[in-house]
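The values are calculated or read from the model by the stated rules, or taken from the named source; none is laboratory data. Just so we're clear, the structure is a prediction, and the values are computed from it rather than from any experiment. Neighbour counts are summed over all protein chains in view; Cβ atoms, including those assigned to glycine, are modelled from backbone coordinates with ideal geometry. Side chains are part of the model used for accessible areas, which takes the heavy atoms of the whole protein and leaves out ligands, DNA and RNA. Shrake-Rupley method; radii C 1.70, N 1.55, O 1.52, S 1.80 Å.
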Amino acid sequence: MKIGENISLKKYNSFGIDVKARYFIELTSNNDIFTFLKSHFLDDKQFLILNGGSNILFTKDFNGVVIKISTQGITIIEENDNWALVKANAGENWNNFVLWCLDRGLGGLENLSLIPGNVGAAPVQNIGAYGVEQKELFQSLEAVEIKSGRIVNFSNEECRFGYRDSIFKHDTKNQYIILSVNYKLSKKPALNTSYGDIQKKLSSIPLADQTIKHVSDAVCEIRNSKLPDPAKIGNAGSFFKNPIVNLEQLMLIKSKYPDIPVYPADNDTFKLAAGWMIDKLKWKGFRYGDAGVYHSQALVLVNHGQASGSDILKLAKMIMKSVKENFGVDLEPEVNIH
Ligand code: EPU
């Protein structure tokens, strides 16, 4: 357990932004986490907990302690004929975890295949894709309170999951390190093929023969065709959240843009496809230096090579202004900006 100084974060964030952390420490076991917290190194310093680094944009050097959580391990902690409760440590790569479950015939997470990032970050922003959010499978998580070193369990309800949202982004922000997450997965899974493109991909397979593996393969194919691979081109997935509007706002927008994709959301509100709006305003493929809008999914901003975090943020602000002027809607970044 070694604390590095002035360490480049380039390889620790999927945008590939080259900023430095004043201090950097990678923790590979829960014991290391507890020992580090007991050392009180954090007491007078700002800090940042980094999991996969796939949902973060650094716009400047971080003048504090970056704590990279790299704890590994996946185990079944309880099971019966119908389901298994699987515990994954926070530093496990999310997709490896999904594959581990698929290999054992455990269903539920297949629609979330290939989402970049680590298990510990999944509940923080309640990751979701192709008709499923992790909150539907989430059972509980174990975290350590940074200030006291106390271990605390959070139930599904206590996490207060919302669209790309949880309590860890608000009330308990920076108060806990997530150690592990438990998911309840099915041994007799019902497939979720509600997302049109998945149905299309599976249409050649008779319904009775369709498996979670087929769904996962379809999701991977769709993702690979629309979303850039962070190993090849820096990005953090969707840069913006899909905005939620009320009926009055929706009617106004629909009168001008009748084909805008709309999804029902909670409490008589509606989710609009931000990617469609940005695309409609002709931003797709646009470049501001090395910061760009991805050519096949306008919701994704990319680093073509040497972009700084500020370049990407400037581009994001241009897009937000343009969407506001044309649709009257405020876009909110999904990515954490530092
Ligand atoms: N669209 C366009 N042009 C674009 C992008 C989208 O016309 O450039 C249209 C699509 O044709 C479709 C609609 O907008 O009619 C929605 O697009 P898509 O299905 O690709 O999904 P999204 O709303 O853009 C969300 C998530 C993604 C997730 C997909 C699939 C958010 C912020 N993003 O994107 O999540 O993979 O749905 O479920 O909710 C992420 O969070 O990083 C992420 C990639």
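Only Lys, Arg, Asp and Glu count, each charged at its Cβ (+1, +1, -1, -1), so figure out the dipole size of the stretch 1-48 about its Cα centre, rounded to 20 debye.
Using Cβ point charges on Lys, Arg, Asp and Glu, the stretch 1-48 gives about 120 debye.
Summing -39500 (n - 2.57) over the DSSP H runs of n ≥ 4 in the chain and dividing by its residue number, what mean residue ellipticity at 222 nm do you reach, to the nearest 500 deg cm²/dmol?
-7000 deg cm²/dmol
Using a Förster distance of 30 angstrom, determine the FRET efficiency expected from the C-beta separation of K187 and E221, and round it to 0.05.
The pair K187/E221 has a calculated efficiency of 0.70.
What ranking of F286, F47 comes out by heavy-atom accessible area, probe 1.4 Å, highest first?
Of F286, F47, the descending order of accessible area is F286, F47.
Given a 1.4 angstrom probe, what's the average accessible area per residue across the chain, in square angstrom?
48 Å²
Do any of K11/K173; K45/K241; K45/K169; K169/K213 go past 27 Å between their Cα atoms, and which?
K45/K241; K169/K213
Identify all aspartates and glutamates with a Cα-Cα distance to K200 below 20 Å; exclude those on the same chain that are fewer than 8 residues away in sequence.
E110, D209, D217, E221
Residues of the stretch 231-251 with backbone nitrogen within less than 16 Å of a virtual label 7 Å along the Cα-to-Cβ line of H304, please, listed as ranges.
It comes to 233-235, nothing else.
Between K38 and N96, how high is the FRET efficiency from 1/(1 + (r/R0)^6) when r is the Cβ-Cβ distance and R₀ = 30 Å? Nearest 0.05.
Efficiency, rounded to the nearest 0.05: 0.50.
Please give the charge dipole size of the chain, origin at the Cα centre, charges +1 on K and R Cβ atoms and -1 on D and E Cβ atoms. Round to the nearest 20 debye.
Around 840 debye, computed over the chain.
Go through I33, H304, W276 and say which Cα lies farthest out towards the positive end of the charge dipole of the chain; charges sit on Cβ, +1 for Lys and Arg, -1 for Asp and Glu.
The Cα lying farthest towards the positive end belongs to H304.
Using +1 on the beta carbon of Lys and Arg, -1 on that of Asp and Glu, and nothing else charged, what's the dipole of the stretch 105-212 about the Cα centre, debye to 20?
That gives a dipole near 60 debye.
Using per-residue counts of other Cβ atoms within 10 Å, averaged over each peptide, order 152-165, 268-281, 9-22 from highest down.
The packing order, highest mean first, is 9-22, 268-281, 152-165.
For the stretch 204-212, take each phi angle, set θ = phi - 60°, evaluate the Karplus expression 6.51 cos²θ - 1.76 cosθ + 1.60, and give the result in whole Hz per residue in order, putting x for glycine and proline.
My calculation for the stretch 204-212 gives 7, 9, x, 3, 5, 8, 6, 10, 4 Hz in order.
Taking all protein chains together and a probe of 1.4 Å, list M320, M251 from the most accessible to the least accessible.
From most accessible down to least: M251, M320.
Tell me which of Y288, N246, Y257 sits at the most positive position along the dipole axis of the chain, charges placed on C-beta atoms (Lys, Arg +1; Asp, Glu -1).
Value: Y288.
Please report the relative contact order for the stretch 234-337, taking Cα pairs under 8 Å with a sequence separation of at least 6, and give it as a percent rounded to a whole number.
After rounding, I find 32 percent.
Of G4, I17, I67, which is farthest on the positive side of the dipole of the stretch 4-69, counting Cα position, with +1 on Lys and Arg Cβ, -1 on Asp and Glu Cβ, and the Cα centre as origin?
About the Cα centre, the residue reaching furthest to the positive side is I17.
Ignoring ligands, DNA and RNA, please state the percent of accessible area on the chain from carbon and sulfur, probe 1.4 Å.
With neighbouring chains kept in place, the figure for the chain is 48 percent.
Quote the FRET efficiency, to the nearest 0.05, computed for K282 versus E145 with a Förster distance R0 of 51 Å and r equal to the Cβ-Cβ distance.
0.60
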